[in-house]
1. State the extension gain, in nm to one decimal, for the chain segment bounded by Arg26 and Asp49, taking 0.36 nm per residue of separation less the distance between their alpha-carbons.
2. Work out, step by step, the length gained on full extension between Ala19 and Ser35: first 0.36 nm times the residue separation, then minus their alpha carbon distance; give nm to one decimal.
Amino acid sequence: ENVNMEPESPRSLDSPRFAVLSAKRRSENVKKFLSALDDLGLPTFDPLDLEQA
């Protein structure tokens, strides 16, 4: 079994593909966070507020 344990090079992290995946992941994380806040009965916010900040 050949497992590459080296971290990704910084250049690959700057690729447009990574940026799109990263944006999707951030969006999913925000949704999960807001859902958890709501489940706890804590105040939430509109995700668009993050983009305007």
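1. Details: separation 23, 0.36 × 23 = 8.28 nm, distance 1.41 nm.
So the chain would gain 6.9 nm between Arg26 and Asp49.
2. Details: separation 16, 0.36 × 16 = 5.76 nm, distance 2.41 nm.
Residue separation times 0.36 nm, minus the Cα-Cα distance, leaves 3.3 nm.
Every read-out reported here was derived from the displayed coordinates using simple, explicitly stated rules and does not represent laboratory data. Everything numeric in this text was worked out from a predicted model, so none of it was measured.
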